[in-house]
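Let me begin by presenting the structure, written as C-alpha cells, before commenting on it.
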Amino acid sequence: MGDQTDVQHIMQSAQTVPDGSPVGIVGAGTMGIGVAQCFAEAGLPVVVVDNDPGALASGPARLRAGIRTATLLRGGARQTRAGAPASDAESLVTWSAELADMAAALLVVECAREDEDIKEGILRELDRICRAEAIFASNTSCIPVSRLGSFTARADRVIGTHFMNPAPLKDAVEVIRAPETSDLTLERTEAFLTHIGKHALVVRDAPGFVTNRVLMLTLNEAAAVLGEGTADAETVDRIFQDCFGHPMGPLRTADLIGLDTVVDSLEVLRRHTGEDRFRPCPLLSRLVAEGRVGRKSGSGFYTYPPQHLVSRGGTDRG
C-alpha cells in the first residue's frame, strides 16, 4: 500500500483537516445518511456508496429531511463550518453504486450492515482502491476493530468511529482504538471529528466496546420483560424515563436503532464473547422474522406513521 514513511509524512503534513478533503461513506441506510449529513454540513465533499438502487434513489430526499429536522431541532437557521447555509450541504453529497468512486477519499466511514463477512468484503475492496494514506473508520456496533483491520494491509489506519443515532444531533462519538491503530490515525480521526463539531470518547478495542456491551443486554432484557408479560411497552419505557431520567426508554431506543441491527449486534457479541447471555430473546427474534424492525419499517415494539419509514439501504452496504 506504498511506503510507510511516505504515508506518515502525508498524514502528518496537516494538523487539521485540509480544505475540501473528500470523505467516503459506505452505506445509504439510516446511519450512513446521518453520518454523511454531519460531514456535508461541515463543508466537506462526501460520496455515499450503496449497491441498492432504492437506497440511492431515496438518499437525497432522506438527507434533505435530515437536514431540515436537525435545523429545526437546533433552533432555526444554521451555518455550516464552511460558512454556507446548512441546506447547501446537499450539494456537497454525491451518490454512487461503485466503491471505486472513493479512490480519492482521505477518510472512509464504513456504515454497512453489522455482518462480519459483508464488512470483510468491503474493506478488502477499499484497501485495493483507496489511496495509501486513507483512514478506514468503521461504524461497527460490536465487531472488534482489530478483526476488521486484519482484512486490510493497513491495520494501523483502521479505527472504530461509533456514531450514535441520530448522528447529526449527537455531540459525542465512541472512538475505538485497536492495538494496531497508530497514533497518527487516532490524531487524524479526532481532527475530522472536531471539524464536524463532535468530540471523541476513546476506548480500547473489545466486543461491543462500552456502549453496546452494556446497551444491547439492556435492550434484550427489556424485550424479554415485555415478552413475559411483566409490563406493557409503554410502562417499560416510562420506568426508564421517569425513574432514571432517560430521554427515551429501551424499547423505543431499540425501535430507533432497528431491531434487525439489535439482533445482529447481539449475535456478534455472542460469537465474539462466547457468552450465551447475548442470545436474542424470543420476542425480539420473532419481530425481526416478521419484518417488524422498528421505525424504518413502520412497526416494532410500537407502530409509527408513514413519515418514519425509510429505505433500509442495501443488504450489504445499507
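Residues to consider are SER150, SER91, SER146; find the one that is among the hydroxyl-bearing types (Ser, Thr, Tyr), more than 24 Å from LEU184 (Cα to Cα) and open to solvent by 10 Å² or more (accessible area, probe 1.4 Å). Break it down stepwise before answering.
Details: SER150 fails: more than 24 Å from LEU184 (Cα to Cα); SER146 fails: more than 24 Å from LEU184 (Cα to Cα).
Exactly one of SER150, SER91, SER146 is among the hydroxyl-bearing types (Ser, Thr, Tyr), more than 24 Å from LEU184 (Cα to Cα) and open to solvent by 10 Å² or more (accessible area, probe 1.4 Å), namely SER91.
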Legend entry - Search result, residues across segment 171-225 that are more than 30 Å from LEU287 (Cα to Cα) and open to solvent by less than 10 Å² (accessible area, probe 1.4 Å): VAL175, ILE176, ALA178, THR181, THR185, THR189, PHE192, LEU193
Inset, instruction - List every residue pair whose Cβ atoms sit under 8 Å apart, with the two residues 6 or more apart in sequence or on different chains, where the first one lies in segment 232-257 and is basic (Lys, Arg) and the second, anywhere, is assigned to a helix (DSSP H, G or I) and open to solvent by less than 30 Å² (accessible area, probe 1.4 Å). - result: ARG252/ASP237
Inset, instruction - Could you tell me whether segment 229-249 includes any residue that is at pLDDT 95 or above, loosely packed, with under 14 Cβ neighbours inside 10 Å and assigned to a strand (DSSP E or B)? - result: no
Legend entry - Any pair with Cβ under 8 angstrom, 6 or more apart, that starts in segment 278-296 at a residue that is under 14 Å from GLY227 (Cβ atoms) and ends at one that is surrounded by 14 or more Cβ atoms within 10 Å (Cβ to Cβ) and among the aromatic types (Phe, Trp, Tyr): LEU287/PHE301
Legend entry - Selection within segment 14-29 - buried (at least 21 other Cβ atoms within 10 Å of the Cβ), touching a helix residue (DSSP H, G or I) at 6+ places or on another chain (Cβ under 6 Å) and modelled with pLDDT under 95: VAL17
Inset, instruction - Quickly run through segment 174-207 and pick out the residues that are part of a loop (DSSP other than H, G, I, E, B) and of a type in the set (D, E, K, R). - result: GLU180, LYS198, ASP205
Legend entry - Out of GLU267, GLU290, sole residue that is under 13 Å from SER141 (Cα atoms), open to solvent by 40 Å² or more (accessible area, probe 1.4 Å) and of a type in the set (Asp, Glu): GLU267
Inset, instruction - Write out, first by first residue and then by second, each pair whose Cβ atoms fall under 7 Å of each other, whose residues are 6+ apart or on separate chains, and whose first residue, in segment 89-108, is under 17 Å from LEU63 (Cβ atoms) while the second is basic (Lys, Arg) and open to solvent by 50 Å² or more (accessible area, probe 1.4 Å). - result: GLU90/ARG64
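The values are calculated or read from the model by the stated rules, or taken from the named source; none is laboratory data. Note that the structure is predicted; figures quoted are calculated from it, not measured. Heads up, the Cβs are rebuilt from the backbone with ideal geometry, glycines too, and the neighbour counts pull from every protein chain shown. To get the accessible areas, we keep the full protein, side chains included, count just its heavy atoms, and leave off ligands, DNA and RNA. Shrake-Rupley method; radii C 1.70, N 1.55, O 1.52, S 1.80 Å.
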